[in-house]
Amino acid sequence: MNYTFVETPIGSLLVAGDADAIHEIHFPPAEPHDDWIRNDDVLKYASVQLRSYFAGKRTSFDLPLAPHGTEFQRAVWETLRLIPFGETTTYGDIARSIGKADAVRAVGAANGANPIPIVIPCHRVIGSNGSLTGFGGGLKAKRWLLDHEARVAGVRLF
């Protein structure tokens, strides 16, 4: 697996993948696995798109993705990709949209297991009462991402 680091306003993101797809993105502090190889060139396209997103010039990603997970997790992650930039949804809405209305907690767990955050926008999922809920990068990063998208989209989320 190849990796690179992308400097962002929320810290240095570790991006891992191969010549075919992105497999993982990790929030700081993140360290590559011992058998990973630093290769900025292989992951250049992902780095460019992430920097463009953080600069407010990109509202969607056009990257090949290869997240590893169960069939249920992949269904949740595909649904996350449908949440429009600058908008939020709830775990219950996601559960209903995949035909598993009673699986709200499982949706939350799948959301938390998302291996490619930001690109697969798990940060756009909030509690049913409008509260920010857990996020792998921390609630401060989640708030930053949501505020950033609201500014760029010209909307008010909260």
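Any read-out appearing in this document is the output of simple, stated calculations on the displayed coordinates, not a laboratory observation. No experiment lies behind these values; they were computed from the predicted model shown. Note that we place each Cβ from the backbone using ideal geometry, even for glycine, and neighbour counts take in every protein chain shown.
List of remarks:
- In the stretch 36-87, the GluC sites (Glu not before Pro) that fall in loop regions by DSSP, at most 16 other Cβ within 10 Å: E87
- Model label points for A30 and K100, set 7 angstrom from Cα along the Cα-to-Cβ axis, are 2.4 nm apart.
- Exposed loop positions in the chain were taken to be trypsin sites (Lys or Arg not before Pro) whose DSSP state is not H, G, I, E or B and which have at most 10 other beta-carbon atoms within 10 angstrom. Between these positions, the longest stretch is 58-155.
- Virtual paramagnetic centre 7 Å along Cα→Cβ of K140, amide N under 14 Å, in the stretch 1-27: 9-12
- Ellipsoid fit via the Cα gyration tensor, the chain: semi-axes of 25, 19, 13 Å, each the root of five times an eigenvalue, largest first.
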